[in-house]
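To start, the structure itself, in structure tokens.
The values are calculated or read from the model by the stated rules, or taken from the named source; none is laboratory data. In this text the structure is predicted, and so the values were computed from the model without any measurement. Don't worry about glycine lacking a Cβ; one is built from the backbone with ideal geometry, like all the others, and counts go over all protein chains shown.
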Amino acid sequence: MKKHHLLSGEDDEMVQGLLAAFLESEGFRVSLASTGKEMLALLDREEVSLILLDLGLPDEDGLALARQVRARSSLPIIVLTARKGRDDRLLALELGVDDYLTKPADPRELLLRVRNVLGRASADGGGRGPAGGTRLVEFGGWTVDVSARALTDPDGRDVSLTRAEFNLLAALTKAPNRVLSRDFLLDAISRDADSPSQRMIDVLVSRLRKKIEADPKKPEWIVTVPGCGYKFTLRASAS
């Protein structure tokens, strides 16, 4: 049976080591990242089942990282942090994290929470997005393979996309018929540029339309909602 792969974003080496040793003894595979940059890079490279996220990473606030992950994926996230404030907990839950646990945490309680969250994710259909298993979105003959980070046209040919273009397309197709603000979409591509701006979203949408729309000036798939943002209009089928 394939082991669940956990990613721990934690900058305290002692906590990291103890946490990894305990979870590995319980049958998990554990990867470690001490910065937000390392965590996001690992998510790009490997299939991950669940993230354990400290909010106090040295290079980026954990809440911002949670928002970035959630903008492009429904990958399970458990916050494990020393922050005990009610506002941090509420904001994390509003961003869509699956659980919130304060340090020092009882390892047995953490283990139960990890298993419970993974169980819910499996009941919801497994992989849950770009960093966790295969997810296909099909529309009008086009296919987005989020796991493989690939787009194929109706003739089955691969279409070249930049990383930012693909992350934006994945965020849009993951939420068909929902209006997504430019700020939300910025979170989906924020690590793809040094100084992302709302104007960049418009530029990327224009590029995507040229690649997937029959008439980019009269888009069928990615539609502008004036004053709000963009939406992917057709009801996509995901597997």
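If you go through segment 44-67 one residue at a time, do you hit one that is within 19 Å of Pro107 (Cβ to Cβ), charged (D, E, K, R), at pLDDT 85 or above and part of a helix (DSSP H, G or I)? Checked against the condition, which is being within 19 Å of Pro107 (Cβ to Cβ), charged (D, E, K, R), at pLDDT 85 or above and part of a helix (DSSP H, G or I), segment 44-67 yields no hits at all.
With the structure loaded, tell me whether Asn177 is of a type in the set (S, T, N, Q), under 19 Å from Ser74 (Cα atoms), modelled with pLDDT under 90 and loosely packed, with under 14 Cβ neighbours inside 10 Å or whether it fails that test. Yes: the conditions hold for Asn177.
Would you confirm, using the coordinates I've provided, whether Asp88 is acidic (Asp, Glu) and either buried (at least 21 other Cβ atoms within 10 Å of the Cβ) or not in a loop (DSSP other than H, G, I, E, B) (or both)? Spelling it out, Asp88 is indeed acidic (Asp, Glu) and either buried (at least 21 other Cβ atoms within 10 Å of the Cβ) or not in a loop (DSSP other than H, G, I, E, B) (or both).
Within segment 13-35, the set of residues being modelled with pLDDT under 90, more than 13 Å from Leu52 (Cα to Cα) and not aliphatic (A, V, I, L, M) comprises Glu13, Gly17. Of all residues in segment 101-110, those satisfying the criterion of being farther than 14 Å from Gly62 by Cα, surrounded by fewer than 16 Cβ atoms within 10 Å (Cβ to Cβ) and at pLDDT 85 or above are Asp106, Pro107, Arg108, Glu109.
Taking first residues from segment 156-169 that are among the acidic types (Asp, Glu) and partners that are crowded, with 21+ Cβ neighbours inside 10 Å, the Cβ contacts under 7 Å between residues at least 6 apart in sequence or on separate chains come to Glu165/Leu204; Glu165/Leu208. Inspect all residues belonging to segment 92-100 and state whether any of them is modelled with pLDDT of 85 or more, surrounded by fewer than 18 Cβ atoms within 10 Å (Cβ to Cβ) and farther than 20 Å from Lys174 by Cβ. No: zero hits.
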